[in-house]
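The values are calculated or read from the model by the stated rules, or taken from the named source; none is laboratory data. Since this is a predicted model, take the numbers as computed values, not measurements. So basically every Cβ, Gly included, is an ideal-geometry build from the backbone, and we count neighbours across all protein chains shown. Quick note on the areas: whole protein, heavy atoms, side chains included, nothing else; ligands and nucleic acids left out. Shrake-Rupley method; radii C 1.70, N 1.55, O 1.52, S 1.80 Å.
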Amino acid sequence: MAVKDVLVVKELQKQLGHKQILKNISFQAVTGDLLVITGPNGAGKTTLLRILAGLLPKSGGEVLWNGAELALDHGRVGYISHQPMLYANLTVQENLRFFGEMYGTMGAERVQELLELVGLWLYRLEMVSVLSRGMQQRLAIARALMADPTLILYDEPFTSLDADGREILRQVFEQHRDRSIQLAITHEPQHFAGLTYRHLGLDGGRVVERGYTHA
Amino acid sequence: MPKFWRKVFLIYLKDLKDEFRTTDHLLSTLVFGTMLVFVFSFALQLVEIGTAQVFPAVLWVSIFFMAILALQRSFAKEQDNGALDALLLASGDRSILFYAKFLFSLTVLLLLEVVVVPLLWIFIDVAGAKANLWFFLGAVFLGSWGLAAVGTLLNGITVQLPGARLLFPILLFPILIPLLLGAILCTQGALVGEIKAVSGWMYLLVIYDLLFTILPLLLFDYVLEG
Amino acid sequence: MKHGLKSPLFWILTLIMLVNIYVIAFYAPVEKTMGIVQKVFYFHVASAWVGLLALCVVFAASVLYLWKRSERTNNLALASAEIGTVFISCTLLTGPLWAYPIWNTWWTWDPRLTTTLVLWFMYVAYIALQGGSATESRKRLAAVYGIICVVNVPLVFFSTRWWRSIHPVVVTSEGMALTPKMKVAMFLSVGVFSLLYVYLLNIRLKSLDLEQRVKRLKAELFA
Amino acid sequence: MTFFVAGYIIVWAVVFLYAAGIQRRQSKLEQELSVLEELVQKRA
């Protein structure tokens, strides 16, 4: 894709009651970037991701998407959490179709394509409730990609994935470089070995470390 | 705007599909409502006041209790494994969720009433000679509309407080007072066939319904903010 | 500011309360038909007034909280709701004491009585929603509920009033003419109760502030 | 007369109980706070 999207986070702050969760976060990213965010529990990683998704309002600072405030109606954000965020009583296929229709972008071929990518095509008629936790996480990846996202946020995406699942996720990272900005928070940076990525270390609501790893 | 309503409709359909796939909750609510109607009519029959006079009161008290169970479902199904976040991202507007859940709650409530209301009619032995059926149905519909709207709004509040399920009826009751008043009087007027005298209450119901259907546009962003 | 026995406001308040009681007991004349019982009325009306005043404060503070998100506005809403409940309870308790000897019934579904009762339920529900644990989401949701309640109050009042004007009215609380001396006593009562509201609000806000300081310290120490 | 007196007593009793409740909570909190501050000083 020729046109690159730009995400600018400037002096982002988040206050909850008297607790300052994010004190002063600034960074930038453009299409093609993979940002890996690490930090101890309570460093504000998930809060940061939820603000970027538009799910949580910020208390101060700026989050700009191509120069404009990023909000919930952005519409092209893929969000993968450590929870699968799926409907247990609907089938694999119905889940994806529902989200596809909500985004209004893609049809049946895309559903098939994504299910084949995450290796769930043969399970498409099963209820989500009967799938294992690892399979649900794979489906969650497919669900996030249904948005045809330009910004993908991963919150501990390797949780409960098996070796195959991890390999699929690494493929996703590579495949989406040309059209999205990707941010991943993780406890286990070793899973990113062999990928080119930028690194952001968070602690106590501040950026304490910046780095770059080239494969 | 058409995009708005398209998304509302999609979520509505998804919820209906979800609800009818595991009917245990719907069925237990229905059984609960039926039992309420039975217990009320039976108790009133014992003290020999089982006449059309008490029908409106019993009807709305039964619907109110049944609604407490039925309306708690609307947001609960989004809570299971964090689906609410995914849904919010996909809808891009929190009010879309309100209207989808409101329509869902209204549908479920009306479906339950289709069984419970005729049952009560039979149990209490209402003499329907003078009754104005259309006015009666209108009152039931507008009453259910308001119940569904307020219930959805407040369910959005209580669903975020795990372990505080009991708060739902407590929050619901004082807000519903004007609705209960209007609905009961309209029902009574419809039964005795004097709709002219109570038509003003129909307007009250309409105003109440409109108010609590539009108010969430302003408030719902704050409800689902977390 | 000091609180309790050391606060000057407390003593000023005590003084004018005594004056108020004197005025009600000896200055205001005894009502001809109702007798001495009518004097409950001064406190009854004054506490109802404070109940409504507190509700307005809850509304304003809730709107402000959603806008500014400061802990203080939420404290104000919560404290005001609590004091509102106290005074509405007083209204509800003194009402029947006045009604029974005069109307020969403890309770009637007069629009004012009904609205007051519904108001009481709303206050209680609001306080229950705020709950013991003051988390961020509870404050936000309580503010929303506070606004819903206030929007609902006029509907409750007009619907109950309309209901009672269509149906035969058993008794009214109107038609009681106040002599000038009675009016003086009543305005004094309303003033005293408003001051009492401010005083109680003040000490409650302080205790809420202290509560939060303790909580913050604990969070720092045991983090 | 009895109703009148009862009304007075009720109003003052309710208001007084509420104020006393606040006052009690307040003194408890102050105690707690002083202990906590001591703890902070010890740590520092």
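Can you give me the accessible area per residue for the protein assembly as shown, using a 1.4 Å probe, in Å²?
Result: 44 Å² of accessible area for each residue.
Under Stokes-Einstein, with the Kirkwood radius over Cα pairs standing in for Rh, what whole-number D in µm²/s applies to segment A:1-62 at 10 °C and 1.306 mPa s?
Roughly 126 µm²/s, to the nearest whole number.
If you take the accessible area of B alone, add that of A alone, and subtract the area of the pair, what total do you get in Å², probe 1.4 Å, to the nearest 100?
Counting both chains, the buried surface is close to 2500 Å².
Counting each pair of different Cα atoms once, what's the Kirkwood radius of chain A in Å, rounded to one decimal?
This gives a value of 17.7 Å.
Per 10 Å bin, what percent of the C-alpha pairs of segment B:104-226 does each bin hold, from zero upward?
Whole-percent P(r) values from 0 Å outward: 13, 38, 32, 13, 4, 0.
Lysines near residue A:14 by alpha-carbon distance under 27 Å, same-chain residues fewer than 8 away left out - which ones?
A:23, A:45, A:58, C:68, C:139, C:206, C:215, C:218
What accessible surface, in Å², does a 1.4 Å probe find on residue B:48, ignoring ligands, DNA and RNA and rounding to the nearest 10?
Its heavy atoms expose roughly 150 Å² to the probe.
How much mean residue ellipticity at 222 nm does chain B get from its helices, if each DSSP H run of length 4 or more adds -39500 (n - 2.57) and you divide by all residues, to the nearest 500 deg cm²/dmol?
On the way: 9 runs with 188 residues, N = 226.
That comes out to -29000 deg cm²/dmol.
In a GNM of chain C with a 10 Å cut-off on Cα contacts, which of C:87, C:26, C:187 has the highest mean-square fluctuation?
With Cα springs under 10 Å in chain C, the top fluctuation among C:87, C:26, C:187 is at C:26.
Using +1 at the Cβ of each Lys and Arg and -1 at the Cβ of each Asp and Glu in segment B:1-134, identify which of B:109, B:59, B:9 lies farthest towards the dipole's positive end.
Towards the positive end, the residue furthest out is B:9.
Once the dipole of segment B:2-223 is set up with Lys and Arg at +1 and Asp and Glu at -1 on Cβ about the Cα centre, which of B:214, B:68, B:132 lies farthest towards its positive end?
Of the options given, the answer is B:214.
In Å³ and rounded to a whole number, note down the convex hull volume per residue for the Cα atoms of segment C:38-217.
115
Need the list of aspartates and glutamates near residue B:77 for cross-linking: C-alpha distance under 12 angstrom, and skip anything on the same chain fewer than eight residues off.
Correct list for residue B:77: B:15, B:18, B:19.
Averaging the inverse of every distinct alpha carbon separation and then flipping it gives the Kirkwood radius. What is it for chain B, in angstrom units?
Hydrodynamic radius (Kirkwood, Cα pairs) of chain B is 18.3 Å.
Once you have a ≥ b ≥ c as the square roots of the Cα gyration tensor eigenvalues for segment C:50-90, tell me rounded if a/c is under 1.5, and otherwise prolate or oblate according to whether a/b is larger than b/c.
Prolate is the answer for segment C:50-90, as a/c is 1.5 or above and a/b outweighs b/c.
May I ask you to work out the translational diffusion coefficient for segment A:133-215 at 10 °C, viscosity 1.306 mPa s, via Stokes-Einstein with Rh from the Kirkwood sum over Cα pairs, reported in whole µm²/s? Intermediate values should be presented prior to the final figure.
Values: Rh = 13.7 Å.
The diffusion coefficient I find is 116 µm²/s.
Working with all protein chains in place, sort B:208, A:197 by solvent-accessible area computed with a 1.4 Å probe, largest first.
On the way: B:208 0, A:197 30 Å².
If we order B:208, A:197 from most to least accessible, we get A:197, B:208.
How large are Rg and Dmax for the protein assembly as shown when calculated on the C-alpha trace, in angstrom?
30.2, 98
How large, in percent, is the carbon and sulfur part of the accessible surface of the protein assembly as shown at a probe radius of 1.4 Å? Walk me through the intermediate numbers first.
Details: 20140 of 31220 Å².
Reported share for carbon and sulfur atoms: 65 percent.
If A:151, C:155, B:119 are ordered by their accessible area, calculated over protein heavy atoms with a 1.4 Å probe, which sequence runs from highest to lowest?
Listed by decreasing accessible area, they come as B:119, C:155, A:151.
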